[in-house]
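Since the structure comes first, as structure tokens, the remarks are kept for the end.
Nothing in this text is a laboratory measurement; each read-out follows from the coordinates by a stated rule. Small disclaimer: the values here were computed from a predicted structure and weren't measured. Positions of Cβ are backbone-derived with ideal geometry, glycine not excepted, and every protein chain shown enters the neighbour counts.
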Amino acid sequence: MSRASSLFQLWQTPPNRLLFKSSNFYKGIYVVPGAKIYRPLCSCKSIQTTSYQVVNGSYVPTTQAKQEIKPTEKSSAELENIGAFQKLPMVMPSFDILYSALRKAKRVPATKGIANIAKRERNRGAKQLDALMKELAVPLRTYLEKFPKKRSLHPYERSLIELTLGDGNYEEVLGRVDALRKKVVSVGKEHASLCAKSLSKREAEERLSEGMKKIEEMFNREGKAVEDLLNIAKTLRSMPVVDLETPTLCLVGAPNVGKSSLVRVLSTGKPEICNYPFTTRGILMGHILSSYQNFQVTDTPGLLKRSDEDRNNLEKLTLAVLSHLPTAILYVHDLSGECGTSPSDQFVIYKEIKERFCDHLWLDVVSKSDLLKESPVTFITEDFDDNDLELAKYRKSGPDGAIRVSLKSEIGLNELKGRVHELLRLQMARIQAQDTKEENRQVLT
């Protein structure tokens with residue numbers, strides 16, 4: 001038996017035969033906190049209202065609710081905050097929404113005091129269709145209001161949405177949820193109106209049954225939009241929260257050069273470590289506690305030698321972190337030949353990133369130093385100029401001032417930790433100076 005037919009049989013079962021107390025489905029009600037209490041609008045006349053909003057368990061026309069609760073526009077300062085993904089609402093599965101709506105709508109009685117049987121039946125049918133419409137439309141409307149518009153997000157979070165979900169997918173899913181809500185309201189109004197115009201008890205019952213079945217089939221058919229929204233909410237809530245006021249160390253370099261291993265050594269972060277490119281599939285966050293101060297450490301996907309147009313979403317995620325977050329950079333080089341990217345290609349990537357983000361505080365590290373040999377590792381595919389002294393020097397020992405470390409032999413780890421702490425303290429001073437400058441600017445304006 002299909003899910004749609006089983007729910008339809010549930011609708012036709014008399015109330016005294018339903019054992020709702022044993023159900024494991026959600027029994028809550030959608031409430032807008034902090035709003036005033038209004039008398040429920042369940043008459044046929046209220047069906048003609050364009051849209052509704054739940055206020056303390058009662059249904060109020062959206063236009064009326066907006067008069068009572070005027071939305072405030074977000075200031076430019078609010079747009080620069082990060083953490084919108086942790087405020088996303090909990091999205092119920094579409095089946096749970098439908099089951100709960102059918103159960104509640106069936107309990108709606110006819111208005112008391114109607115003696116005529118036909119009139120009482122069409123009143124009950126119209127009210128139940130109206131209730132079903134609202135119980136389905138209100139949670140969908142709540143999701144649309146609670147999921148932020150991309151233009152109101154911090155640039156870093158906008159980049160996360162585009163690179164993690166795919167360009168345009170976020171808006172497309174929200175659009176489908178809104179389209180489903182509009183169809184529910186339209187079909188519900190239409191059949192409630194037909195039921196209210198019934199001439200007999202039997203006709204009212206038939207129109208009620210027909211309307212319920214049509215709404216249920218439509219919601220089952222197009223409810224995948226709700227499931228997609230649920231998956232989006234799970235994905236976005238799993239994103240690490242970055243505090244803009246906390247100094248952040250961002251590890252950058254080619255794939256498989258040892259960034260994740262260093263994150264494990266330097267911080268509380270526990271990223272996956274494997275011997276293949278692009279082990280890091282997203283932004284991973286760890287923390288460092290030094291002198292009673294908390295610092296952040298991010299592990300990022302590796303960068304390859306290619307133009308921005310050819311970069312994949314993982315590489316673009318790394319560039320988004322560097323572009324939109326106030327970070328200090330720990331650039332990791334692997335000259336041992338183990339990472340799969342030749343030293344010559346790493347040199348090209350390094351020069352490009354160093355030039356693009358020259359305003360960032362910077363520290364260079366040569367990893368796997370226990371594997372380095374006296375002569376530079378040469379790849380068959382390498383094509384470099386022997387007269388390029390800077391490249392020749394890089395291939396042998398890395399950039400000037402780079403710290404040589406080895407996790408296997410623990411060479412240079414203490415020096416690295418000390419330099420990292422110093423770098424993060426400088427980053428803290430830079431952030432505080434920037435905050436002071438911003439406060440003074442606001443005072444003057």
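Please arrange His154, His287 by how many other C-beta atoms lie within 10 Å of their C-beta, fewest to most.
Details: His154 19, His287 13.
Neighbour counts put them in this order, fewest first: His287, His154.
Applying a threshold of 18 Å to the alpha-carbon distances of Lys127/Lys197; Lys259/Lys408; Lys119/Lys182; Lys234/Lys316; Lys106/Lys146; Lys183/Lys224 flags Lys119/Lys182; Lys234/Lys316; Lys106/Lys146 as lying beyond it.
Could you order peptides 191-199, 122-130 by the average number of other Cβ atoms within 10 Å of their residues, highest first?
Values: 191-199: 20.2, 122-130: 26.2.
My ranking of the peptides, most packed first, is 122-130, 191-199.
A simple count of charges around Ser198, restricted to other residues whose Cβ falls under 12 Å of its Cβ and scoring Lys, Arg +1 and Asp, Glu -1, yields +3.
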